[in-house]
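The values are calculated or read from the model by the stated rules, or taken from the named source; none is laboratory data. The model shown is predicted, which means the values in this text are computed figures rather than measured ones. Cβ sites come from the backbone with ideal geometry, for glycine too, and all protein chains shown count toward neighbours. Please note that ligands, DNA and RNA were not included when accessible areas were found on the heavy atoms of the full protein model with its side chains. Shrake-Rupley method; radii C 1.70, N 1.55, O 1.52, S 1.80 Å.
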Amino acid sequence: MMEKRTPVKELLRSTAFGTQVHVKGWVQTKRESKNVAFIALNDGSVVHHLQIVAEVEKFPEDVLKNITTGACIAVTGMLTESQGQGQKVEVQATAIEIYGTADAEKYPLQPKRHSLEFLREIAHLRPRTRTFGAVLRIRHAMAFAIHKYFNDRGFFYLHTPIITGSDAEGAGEMFRVTTLDPIDPPLNEFGTIDYKQDFFGKETNLTVSGQLEGELGAMALSLVYTFGPTFRAENSNTARHLAEFWMIEPEMAFYDLEDNMNLAEDFLKYLVQYALDHCIDDLEFLDNRQKEEEKNKKQEERSPMGLVEKLRFVVDNNFERLTYTEAVDILMKSKPAQKGQFVYPVSWGTDLQSEHERYLVEKHFKKPVILTNYPRQIKAFYMKQDEDGKTVRAMDVLFPGIGEIIGGSQREENYEKLYSRIQELKIHEESLWWYLETRKYGTAPHSGFGLGFERLILFITGMANIRDVIPFPRTPQNAEF
């Protein structure tokens, strides 16, 4: 039976000097000085390393020789107050066992700064770096906080299907799910693929959203949320796109647009505060990393705020609320618009781009913003139509540095209006018969929104590329690991 280990995180906080401890982890660095080996050990529980002090004469030569960067070891020793700078505690080793060696010449993670592009190529090892360890711990904390937030407020966690026969957004770009022979599929009388012979007896895809099914749950349980993987077959290689990502989608019966905005703001502030309360070591490490990365950039290219400062900015400010029409008016009168500095021109009826959203947040209001009542032609079919016939009760929450972080709306509960909109957009109503029926039987006002989990982690960690906030990114031409 293996001796019980104490996590590095606990030992670094401990003041139980003079007690024997057992610690296990991976070697970050090793240096020798005056017949003493200093080993930096990390087990993933915290961003900081624990210093192991080993007197050379007390250990066989082959043991110390095999303690190299990347090796996995178990250490028994005495917890003592550190005499050196940089740490408060250290372990004076009395026994060391090597679980796994790592060839110092071949191990890819040498004790130096590696580019994020290089680390993506070795995603099986990058969690061992301090940066990705911090990101993954924050990712865990945020997932836990999301479930805690909704559970504490009477929401029910609803598992919506990953395989679906409908396209929630009406945007296409879905991954097909099939068991048919890819070389010689069965054909129907029209010469096209006969999906009636497929596993599900119809054409199916990986889901782009759990929203529509979430609405079904809300029409029975009142308050539900989904938190699951979603997929987009969008051939985009930008720093903001993934083919596989996670979405949080609450749906609430008896909520109007105002209620929806209040929940979204409270939810985001809760998550950011949770990160500040529970992940401060990792956040400060990433904050310092960002400053180090940007110190050689021109002033105008640097982040306007430090990472921790940016997070407190969100918690400390009430979100500014205004309509899309009011926002377009502000943008059209702005100096960037007047001087032709926006890459994309602004006019009523166009979808706002990230540069417009960030101008509103960072320059004009200097606080997070919620935009509402967008033109109906640029929004999804399920959004409740306003009385003017031009706009819908949509809402987007905009954050500094990232633009849109949440998109949502009050849903159209009127059967005739919803059916008319589906026909107008030429959506196949036979694939949505069940969705339409909820408007026939006990319909009710309801609202909801979607928060991209990776986009949240991108904001909270300050990372620049969404591929660096998910353990194994799925992008065009890349399904490694």
Label model pair K4, D181: point-to-point distance (7 angstrom along the Cα→beta-carbon line) in nm is 6.0 nm
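Can you give me the % of accessible surface on the chain that is carbon or sulfur? Probe 1.4 Å, all protein chains present, nothing else counted.
Values: 12160 of 24360 Å².
For the chain, the apolar C and S fraction of the accessible surface comes to 50 percent.
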q = 0.14, 0.15 Å⁻¹: log10 I(q)/I(0) that the Debye formula gives for the stretch 325-481, counting C-alpha atoms only: -0.88, -0.96
If the label point sits 7 Å along Cα→Cβ of L221, residues of the stretch 231-252 with amide N under 17 Å come out as 247-252
With a Förster radius of 35 Å, plug the Cβ-Cβ distance of D281 and K106 into 1/(1 + (r/R0)^6) and report the FRET value to the nearest 0.05. 0.65
Quarter of Cα convex hull surface for the stretch 1-102, i.e. mean projection, nm²: 6.2 nm²
Find the accessible area per residue for the stretch 144-206; the probe is 1.4 Å, ligands and nucleic acids are left out, and the unit is Å². 67 Å²
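When Rg is the radius of gyration of the Cα atoms in the stretch 73-119 and Rh is its Kirkwood radius, what does Rg/Rh come to? Walk me through the intermediate numbers first.
On the way: Rg = 15.4 Å, Rh = 13.8 Å.
Ratio of gyration radius to Kirkwood radius for the stretch 73-119: 1.12.
Sort S420, S14, S209 by heavy-atom solvent-accessible area, probe 1.4 angstrom, most to least. Can you show the working numbers first?
Details: S420 60, S14 30, S209 5 Å².
Reading off the accessible areas and sorting them downward yields S420, S14, S209.
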Radius 12 Å from Cβ of L221, net charge of other residues (Lys, Arg +1; Asp, Glu -1): -2
Can you give the log10 of the normalised intensity I(q)/I(0) at q = 0.11, 0.13, 0.16 Å⁻¹, computed with Debye over equal Cα scatterers of the stretch 158-247? -0.41, -0.55, -0.76
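Which of the trypsin sites (Lys or Arg not before Pro) found in the stretch 278-312 are in a DSSP loop and have at most 15 neighbouring Cβ atoms, other than their own, within 10 Å?
Passing both the DSSP loop test and the Cβ count: K295, K297, K298, R302.
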Using a 1.4 Å probe, what is the accessible area per residue for the stretch 298-444, in Å²? 50 Å²
What is the calculated FRET efficiency for Q341 to S236, with r their C-beta to C-beta distance and R₀ = 25 Å, to the nearest 0.05? 0.50
Using a 1.4 angstrom probe, figure out how much accessible area the stretch 35-127 has per residue, in square angstrom, rounded to the nearest whole. 53 Å²
Two pseudo-spin positions, 7 Å from Cα along C-beta at T192 and at N414, lie apart in nanometres by 3.3 nm
Those lysines that a straight Cα-Cα span of less than 25 Å connects to K196, excepting residues fewer than 8 apart in one chain: K426
Looking at the chain, do any whole DSSP H helices span at least 27 angstrom along their long axis by alpha carbon and average -0.5 or above on Kyte-Doolittle, and which? 130-152, 257-278
I'd like the accessible area for H159, computed on protein heavy atoms only with a 1.4 Å probe and all protein chains in place. Round to 10 Å², please. 140 Å²
Under 5 Å between amide H atoms, partner at least 5 residues away or on a different chain: which partners does T160 have, H built in plane at 1.01 Å? F227
